[in-house]
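Note sheet for the following structure.
Each reported figure results from applying straightforward, stated rules to the coordinates on display, with no laboratory input. Predicted, not measured: the structure shown is a model, and the values here were computed from it. No Cβ is skipped: glycine too gets one built from the backbone with ideal geometry, and neighbour counts run over all protein chains shown.
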Amino acid sequence: MSIWSPRPASEVPKIQMSQWRILELEDGSRHFVGVDMFESSGRVSSRIVTFNPVTMQGTTSTGRVYELVGGKGFSSDADYVWMRWCELNRVSSFTDVSERLLNETDDAGPQASSKGATDS
């Protein structure tokens with residue numbers, strides 16, 4: 001199972017993500033975790049800066065825009081990438097805040113095959 005760094009946001013400015021979740025770390029930062037629909041692979045975003053639950057789009061600290069497609073879901077590929085990302089970044093706990101953010105009407109930011117990319 002391999003993990004790789006993604007192409008820069010300047011080359012791939014927008015990602016459509018399915019089977020997604022929004023996970024929050026102890027420090028309050030949030031990340032999109034799901035399946036990159038173009039690459040068909042698990043993916044973890046960099047820190048979410050803004051998220052609009054009406055348009056289902058969010059921008060991360062790299063400037064990349066994520067469009068969340070379909071409902072919240074789970075992917076074993078995305079979960080594998082997330083767990084590796086947590087190991088590499090020494091994350092010991094996190095919370096799924098997807099439902100809470102979907103029910104908000106204002107902006108959620110800014111925020112203090114087993115393969116995939118981590119956008120960090």
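The figures follow:
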| read-out | value |
| --- | --- |
| Distance cut-off 18 Å, percentage of C-alpha pairs in segment 2-118 lying past it | 44 |
| Electrostatic dipole magnitude of segment 2-118 [Cβ: Lys, Arg +1; Asp, Glu -1; Cα centre; debye, to 20] | 280 |
| In order through segment 70-81: 3J(HN,Hα) via Karplus (6.51 cos²θ - 1.76 cosθ + 1.60), integer Hz, x for Gly, Pro | x, x, 4, x, 9, 9, 5, 5, 5, 5, 4, 4 |
| Residue order, fewest to most surrounding Cβ atoms within 10 angstrom, among L68, L102 | L102, L68 |
